[in-house]
Structures are given as C-alpha cells and as structure tokens.
1. Do we have any residue at all in region 61-83 that's in contact with a Cys (Cβ under 9 Å, 6 or more places away or on another chain) and either open to solvent by 40 Å² or more (accessible area, probe 1.4 Å) or under 30 Å from residue 189 (Cβ atoms) (or both)?
2. Looking at region 81-114 only, could you name the residues that are at pLDDT below 90, outside any helix (DSSP H, G or I) and among the small types (Gly, Ala, Ser)?
3. Of the numbered conditions (1) part of a loop (DSSP other than H, G, I, E, B); (2) open to solvent by 40 Å² or more (accessible area, probe 1.4 Å); (3) farther than 17 Å from residue 73 by Cβ, residue 164 satisfies every one except a single condition; which is it?
4. Restricting to region 128-161, give me the number of residues that are out of contact with any Ser or Thr (no Cβ under 9 Å at 6 or more places or on another chain) and open to solvent by less than 10 Å² (accessible area, probe 1.4 Å).
5. Kindly indicate the residue of region 119-143 that is touching a Cys at 6+ places or on another chain (Cβ under 9 Å) and in a helix (DSSP H, G or I) and also farthest from residue 83 (Cα to Cα) among those meeting that condition.
6. If you take the residues in region 25-52 that are of a type in the set (A, V, I, L, M) and under 19 Å from the mean Cα position of the chain (by Cα), which one is modelled with the lowest pLDDT?
Amino acid sequence: MADTTTPAHPLSNIIGNVRNIINQPTTPEQTYLNMVRAVIKSHQMILEINHSMNEPDPTLFTVRNGPFAGMKMRRQISAGSLLPMLFGSYEAELHKEIEAAIATPYKTFVNIGCGDGYYASGMARRMPNTTVIAADINPMSQVGCRHNAVLNTVAERVQVMGLFRGEDFARLPARQTLVMVDIESAEDELLDP
C-alpha cells in the first residue's frame, strides 16, 4: 500500500520551535540563553529548509519570495534579519516602493548603510542597466556585500565603499539617481550636515 501522508511543510517546524523558545522562563540568564538558542535554531532551520528545497550549498540561501526572489545570499550575514531575508518578507512595508523604483530607469542606485548587500545586489539583479554604489562603515559588511554581488553575478556593477560623506553626493550623477539611506539614526547628520 502506498504512503499517502503529506510531508510536513518546512515552516511548521519553524513555528513550533519559535513557540517553544517564546514559552521559556524569563530570568535575565534565561533570556540571554533563549536568544542564543534562537540564533542557533534559526541557522539550523535554514539548513533544514535549504536541504528540503534542494539548496546545494549549505553556506548560502536563496531568497524565496518578495522583490528579490531567486537572489543568493551567504548565510553568515553581519547585519539584518536572516529569516525574513530568506522568506522574502524583510522590510515588507517597502516592497511596493522597491517595485516602483525597479520600474523607473535609474542610472545609479546608491545604498548608504548597505550591510551585506541585500538591497545593493537585489536592485542590481532587478535593474540590469543601473550602476550600484554600496557604502557601509563596517568592514565585514563591505566584505559581505562584495561576496553577495559576486554570488549574484552583478559585481561588475556594484561598487562597494566605506564611509559615505555629505560631500560624496556632489560626485553622483545629477539625474536619474536613487538614494537609499539606512544608517542607524545618523540620516539627519548625513543629509543635513
């Protein structure tokens, strides 16, 4: 007789694990341990999901949904939220604006506070005629951004740099440039020195 049971969806395991972590005791020590457990579990879950979705390289993940579906990212990121990136729900409130930007023929996209290049590589993939300037003060983020640009075969159009200063705006093309800034509450200082 054939097995007619439906295999469990990979997300059901994640939801169960998150519920278990949330229901743990909340002393400061337990809170810290729960955070560590959550990080370990998230990495384990990504490995399980990649395996169930035939991801050939366990050090990478493929964005599953959203404006950057199909984009490859290294699993070890220096900033951001790994699981929302994987599922394509990262900063979902921006998806409509991202799609509108992609539909506009920008010559240059500047991503200040690029982190590991989620937006830099994602926009470069979706906007093949656009040059991307990705800036971040964190050297590990710069390495991650370069790595992710290579993974997505857009490295020739993604220029990674360190600190972006107010005077750097003068070097940008005067027209058809989109600037995205996410620099942890220092936006006012950069945009209105």
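1. At the first step, the residues of region 61-83 found to be in contact with a Cys (Cβ under 9 Å, 6 or more places away or on another chain) are none.
Checked against the condition, which is being in contact with a Cys (Cβ under 9 Å, 6 or more places away or on another chain) and either open to solvent by 40 Å² or more (accessible area, probe 1.4 Å) or under 30 Å from residue 189 (Cβ atoms) (or both), region 61-83 yields no hits at all.
2. Taking region 81-114 first, the residues at pLDDT below 90 are 81-92.
Filter again for outside any helix (DSSP H, G or I), leaving 81, 88-91.
Scanning region 81-114 gives 81, 88, 89.
3. Here residue 164 clears every test but (2).
4. Final tally of qualifying residues: 1.
5. Within region 119-143, the match that is farthest from residue 83 (Cα to Cα) is 142.
6. Across region 25-52, the extreme among qualifying residues is 49.
The values are calculated or read from the model by the stated rules, or taken from the named source; none is laboratory data. This one's a predicted model, so the numbers in the text were calculated from it and none came from an experiment. Here Cβ is always computed from backbone atoms with ideal geometry, including for glycine, and neighbour counts include all displayed protein chains. Only protein heavy atoms, including side chains, enter the accessible area calculation; ligands, DNA and RNA are left aside. Shrake-Rupley method; radii C 1.70, N 1.55, O 1.52, S 1.80 Å.
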